[in-house]
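Worksheet: the structure to be examined is printed underneath.
Please treat every number below as a calculation from the coordinates, not as lab data. The structure presented is a predicted model; accordingly, all values stated were derived computationally and were not measured. Neighbour counts are summed over all protein chains in view; Cβ atoms, including those assigned to glycine, are modelled from backbone coordinates with ideal geometry.
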Amino acid sequence: MSLLELDNLKVHFPIRKGILFDRTVGHVYAVDGVSLKVEAGQTYGLVGESGCGKTTLGRAVLRLVDVTEGEVVFDGTDLAKLDEEAMRRFRRRLQMVFQDPLGSLNPRQNIESILAEGMAAHGIGADQAERREKIKAILAKVGLPANALSRYPHEFSGGQRQRIGIARALVLEPDVIICDEPVSALDVSIQAQVVNLLEELQESLGLTYLVIAHDLAVVRHISDVIGVMYLGSLVEEAPSDALYEGPRHPYTKALMSAVPVPDPDLEDRRERILLHGDLPSPANPPTGCRFHTRCPWVQETRCATDRPELTDTGDGHRVACHWTAEIEAGTLARTRATGVEAVTETAAVAEEPAVADVVREEDDKAVADAQPGLPVPGVAAGAPASDASTAVPRPAEAPADERSPSTEGGGKR
Amino acid sequence: MTTLTKKADKVDRLAELMQTSESTTGASLWREAARRLRSSKMAIIGAVIIAVFVVLAVIGPWIAPYTPTAQTWRGEVFANQGRFVGMRGENWFGLDHLGRDMFSRMLVGARQTLLVGVVSMLIGLVIGALIGVLSGAAATLGGPMGRRLDTVIMRITDIMLSLPSLLLAVSIAAVLGQSLTTVMIAVGVVQIPIFARMLRGSMLAQGGSDYVLAARALGVRRNRIVLTQILPNSLSPVIVQATLSLATAIIEAAALSYLGLGNPDPAVPEWGVMLSQAQRFFDNEPMMAVYPAVGIIITALGFTLLGEAMREALDPKLRG
């Protein structure tokens with residue numbers, strides 16, 4: 001039994017019009033049928049571009065937005081069905097850390113008052129003195145000076161404010177903390193500190209995290225399992241390393257290929273999958289597979305009509321694509337250009353290309369693309385699709401630079 | 001590698017700690033605003049004007065050299081023939097058309113003017129703020145029912161707001177009859193929708209902020225969220241508006257008095273009434289109108305200056 005389980009979670013925001021009385025004229029399908037499990041003590045990373053519904057999903061777990069359909073089962077209780085007072089009491093066990101450290105702290109309350117607010121709401125600590133002692137202990141734990149108590153949020157630096165945000169969540173001794181872009185508003189040097197702090201706290205307090213982020217490097221660093229969201233639904237879910245080493249869904253492949261490689265030679269030759277077009281409106285999502293309007297491998301059958309389910313392709317690697325096996329096997333040709341010439345469009349894929357030392361696995365294909373005369377999935381055909389081993393790179397994905405020309409199967413360069 | 005990162009981490013931590021101030025007690029935003037206010041010339045000038053005005057209003061009747069209602073020099077003024085007595089040693093501001101000392105009348109009249117201004121502003125502020133809080137709280141945390149309540153309340157205030165303020169005040173005064181209380185109520189009622197809308201709008205803006213979301217995530221009860229999170233952050237524009245509306249209230253009260261809706265006893269000095277009385281003799285003795293007019297203008301200016309200074313102090317981001 002997982003600590004937190006989402007089952008077919010849907011959050012649809014009504015689009016209202018009308019002067020005196022609201023009329024609902026449509027819905028924004030922010031989260032549209034997401035099922036996932038977060039195990040106790042683990043970190044679940046949720047990635048996706050802006051507008052894909054990852055923040056809404058985080059808020060729906062805490063019922064900060066209304067759940068339209070589906071279940072949020074936390075420790076055996078379906079939070080989506082609780083009445084307001086019962087949910088309020090449950091919030092002690094589920095806490096949240098926000099993206100904007102300054103915006104999420106009340107500018108007119110001092111730190112003690114901010115941290116005591118939650119304790120008072122849940123009756124933690126008998127009197128002010130007892131609460132103060134507890135707050136002091138938490139402040140020390142997150143690395144803030146003890147004299148912070150009587151100061152106000154605007155008197156702290158960005159990293160310190162985020163520490164306050166973390167402390168505010170911690171004073172309630174929660175089981176799960178939902179971190180909504182916990183470091184994206186911080187300087188890179190401070191990002192590392194906060195990520196390390198989160199990891200330390202997880203170790204010492206046995207916390208479970210649901211980390212929402214768009215920075216692929218951060219998510220990889222902190223997560224045990226990663227889910228990739230696109231337009232309100234999960235397209236792929238896998239253990240962290242497996243996902244980065246062998247993304248299987250076309251969208252994940254494109255997302256990963258947007259991360260630049262800190263090696264100029266490799267960077268020039270590796271393949272970048274550039275998606276054409278914009279993210280469709282979540283108010284009017286495409287039929288069938290949500291990604292079929294932009295997918296490089298889109299097929300005439302099924303893609304536009306059937307919505308693919310998230311299915312296990314081995315080793316807990318779940319993919320929502322009708323053609324995973326065929327794409328992995330290389331028997332499926334691309335139906336759309338992925339535009340190597342349009343390198344400047346890279347930014348369209350990810351919100352913010354993260355600085356990562358992730359070695360790209362599509363490099364072999366990059367070489368193939370650079371020489372247009374050769375068939376694209378040449379070597380990939382040799383790799384059986386069932387080869388789902390994650391630790392060992394599959395032959396098809398072996399680095400294709402000078403270091404290993406032999407694995408190329410010859411004749412490729 | 002790991003030791004290196006740890007060292008870098010430590011250096012970063014030190015740099016971060018360097019940025020924090022030494023002081024153990026923090027400065028709240030209110031205190032910072034007060035500090036900015038003290039260093040603002042505009043605020044000081046405004047405050048001095050208001051202070052003088054308030055002092056005069058309080059002690060006016062005691063320091064007035066003559067009884068303001070006594071027609072002591074009745075025999076020296078022939079209003080119908082256009083013969084007035086201007087400034088002179090014993091009557092600094094001259095005499096009015098009935099031979100009363102203008103200086104004494106101005107001093108005593110300040111109290112009435114201040115009373116009208118403050119009371120009508122308070123009527124507008126208190127009722128307006130209550131409506132605004134109800135509406136704002138319903139709109140931000142009340143769910144669909146709350147949004148409906150908010151819509152109804154706001155449409156009513158819109159109707160109030162769309163009526164010309166003076167016309168509304170005249171109608172109220174006409175219904176309630178002629179008295180100073182009428183003027184206060186009339187001027188106050190006109191201010192209600194302004195305060196209500198302002199507070200509600202401000203609360204709505206704060207209601208969508210991350211710290212309100214954070215408070216909800218913490219499990220803080222709704223009433224407490226409104227009182228400790230939303231309201232303190234929504235008050236700045238209302239405080240500014242209250243100061244500014246004191247000026248408007250004084251002017252509007254004067255206008256109503258001028259129109260003859262004020263205190264039915266014309267003997268009791270009040271700046272608006274004095275202005276109204278001076279009208280008939282403006283050709284021969286313009287000074288009779290100038291004194292109360294200048295008094296009203298300076299007082300209104302004082303409140304406006306302070307209000308503007310407070311706006312800047314409370315929201316430094318507004319300064320260009």
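If you take each beta carbon of peptide B:204-214 and count the beta carbons of other chains within 10 angstrom, what is the mean?
For this peptide, the per-residue mean of nearby foreign Cβ atoms is 5.
Can you tell me which of A:56-63, B:287-294, A:320-327 comes out highest on packing, and rank the rest after it, using the mean Cβ neighbours within 10 Å?
The peptides rank, most packed first, as A:56-63, A:320-327, B:287-294.
Using the Kirkwood formula over every pair of different C-alpha atoms, what hydrodynamic radius in Å results for segment B:200-286?
16.6 Å
Explain nothing, just the number: relative contact order of segment B:167-320, from Cα pairs under 8 Å at least 6 residues apart, as a whole percent.
25 percent
Determine one quarter of the surface area of the Cα convex hull of segment B:169-320, which equals its mean projected area, and express it in nm² to one decimal.
Computed as one quarter of the Cα hull surface, the answer is 12.1 nm².
So which of A:10/A:141; A:54/A:81; A:81/A:136 end up more than 32 Å apart by C-alpha?
Pairs exceeding 32 Å: A:10/A:141; A:81/A:136.
In whole Hz, with x marking every Gly and Pro, tabulate ³J(HN,Hα) for segment A:34-48 from phi via Karplus 6.51 cos²θ - 1.76 cosθ + 1.60, θ = phi - 60°.
For segment A:34-48, the Karplus-derived couplings read 10, 10, 7, 10, 10, 7, 4, x, 9, 10, 9, x, 10, 10, x Hz, x marking Gly and Pro.
Computed from the mean reciprocal separation of all distinct C-alpha pairs, what Kirkwood hydrodynamic radius does segment A:101-174 have, in Å?
After inverting the mean inverse Cα-Cα distance, the result is 12.0 Å.
Rounded to whole Å and ordered largest first, report the semi-axes of the equivalent ellipsoid of segment A:23-141 derived from its Cα gyration tensor (root of 5λ).
Ellipsoid semi-axes (Å, largest first): 30, 17, 16.
What is the angle, in °, between the Cα long axis of helix B:165-176 and the longest principal axis of the Cα atoms in chain B? Nearest 10 is fine, range 0 to 90.
That works out to roughly 60 degrees.
Taking only Cα atoms of segment B:97-216, what ratio of Rg to Rh do you get with Rh as the Kirkwood inverse-distance radius?
Expressed as Rg/Rh, it is 1.18.
Enter the per residue convex hull volume of segment B:31-318, computed from alpha-carbon coordinates, in Å³ rounded to the nearest integer.
144 Å³
Quantify how strongly other chains surround peptide B:219-225 by giving the mean number of their Cβ atoms within 10 Å of each of its Cβ atoms.
5
What distance in nm separates the simple spin-label points at residue B:76 and residue B:59, each placed 7 Å from Cα in the Cβ direction?
Inter-label distance under the simple model: 2.6 nm.
Anyone know which of B:96, B:210, B:265 comes out most mobile in the 10 Å Cα GNM of chain B?
B:210
Gap in Å between the Cα centre of segment B:184-209 and the Cα centre of segment B:259-317?
Measuring centre to centre over Cα atoms gives 25 Å.
Pick from B:227, B:107, B:256 the residue whose mean-square fluctuation is largest in a GNM of chain B, springs joining Cα atoms under 10 Å.
B:227
At q = 0.19, 0.22 Å⁻¹, what is the base-10 log of I(q)/I(0) for segment B:125-195 according to the Debye formula with one equal point scatterer per Cα and no solvent? Please give it to two decimals.
-0.75, -0.88
How big is D for segment A:155-232, in µm² s⁻¹ as a whole number, if Stokes-Einstein is applied with the Kirkwood radius of its Cα pairs at 4 °C and 1.567 mPa s?
Estimated diffusion coefficient is 99 µm²/s.
Which is farthest toward the positive dipole end of segment B:31-318 among B:125, B:33, B:185, measuring Cα position about the Cα centre, with Cβ charges +1 (Lys, Arg) and -1 (Asp, Glu)?
B:33
Let me know the mean shielding of A:167-174 by other chains, meaning the per-residue number of their Cβ atoms within 10 Å of its Cβ.
So the per-residue partner count for this stretch is 1.
Going by the alpha-carbon gyration tensor, a ≥ b ≥ c the square roots of its eigenvalues, is segment A:104-261 rounded (a/c under 1.5) or, if a/c is not under 1.5, prolate (a/b greater than b/c) versus oblate?
prolate
When B:84, B:195 are ordered from fewest to most other Cβ atoms inside 10 Å of their Cβ, what list results?
Ranking B:84, B:195 by Cβ neighbours within 10 Å, fewest first, gives B:84, B:195.
Given the convex hull over the Cα atoms of segment A:135-179, what projected area results after averaging over all orientations, in nm²?
Averaging across all directions leaves 3.2 nm² for the Cα convex hull.
Quick one: Cα centre-to-centre distance for segment A:185-234 and segment A:70-122, in angstrom?
19 Å
Any idea what diffusion coefficient segment B:242-313 gets from Stokes-Einstein, in µm²/s, Kirkwood Rh on alpha carbon pairs, 20 °C, 1.002 mPa s?
166 µm²/s
Remind me, relative contact order of chain B in percent, using alpha carbon pairs under 8 angstrom and six or more residues apart?
Across chain B, relative contact order equals 24 percent.
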